[in-house]
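For reference, the structure discussed in these notes is given below.
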Amino acid sequence: MELDAGIRDATGASAPRSARHPVLLATLDAPFDPEAAAVAVDAAVESGEPLIVANVVELLPLPLSSMLGHDQVESDEDADALRAPAELAHSLGVAVERLRVRSPRPVDALLELVAEREPALLVFGPDRSRVPARRYRKAAKAVRERATCLVWLS
């Protein structure tokens, strides 16, 4: 699992780690389902816990492309959609951390992130129209079976 250190919270500052149990909003290289984003932001606001917004992407075995940054291509529209829940939560006073997790096994990386950060709630919310149905079903099944926290699926 590789975390991009260059991604910061909505203010541009690195969010401090906390011993608390955050809300984790996660997607698989797709914009968030609007309902999932709303659930995650609402849960963070109501609980007073931090929000972690994670985009988990597949890291293909292309070393030269990775070194040159060509593996990080996303449209401006997708970038805005991925940033929107973090900006909303931040505007409501929630501490926010944005992560881009790159791994050859994205679902395993997501579950590793869950084990590491120990969220109270995992909101798995990719826009299902942007993720192949089979991939979503397999990911949702793994999250349901292996996540060690409360799970909300889009």
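Read the figures in this text as sums done on the coordinates, not as results from a lab. None of the values given here were measured: they were computed from a predicted structure. With ideal geometry, Cβ positions are generated from the backbone for all residues, glycine too; neighbour counts draw on all protein chains shown.
Taken over the C-alpha atoms, segment 85-145 has Rg and Dmax values of 13.2, 37 angstrom.
Near Lys141, once Lys and Arg are set to +1 and Asp and Glu to -1 for all other residues with Cβ below 14 Å from its Cβ, the sum equals +4. The residues neighbouring Ala37, those whose beta-carbon lies less than 12 Å from its own, together hold a net charge of -4 under the Lys/Arg +1, Asp/Glu -1 convention. Within the set of other residues whose C-beta is less than 11 Å from the C-beta of Leu24, count the net charge using Lys and Arg as +1 and Asp and Glu as -1. So the surrounding residues net to -3. Beyond 17 Å, the tail of the calculated P(r) for segment 113-154 holds 30 percent of the Cα pairs.
Backbone N atoms of segment 96-125 closer than 17 Å to the 7 Å Cα→Cβ label point of His21 belong to residues 113-124. A straight chain from Arg146 to Asp80 at 0.36 nm per residue would run longer than the Cα-Cα distance by 20.7 nm. Applying both filters, DSSP loop and at most 16 other Cβ atoms within 10 Å, to the trypsin sites (Lys or Arg not before Pro) of segment 75-154 gives Arg128, Arg130.
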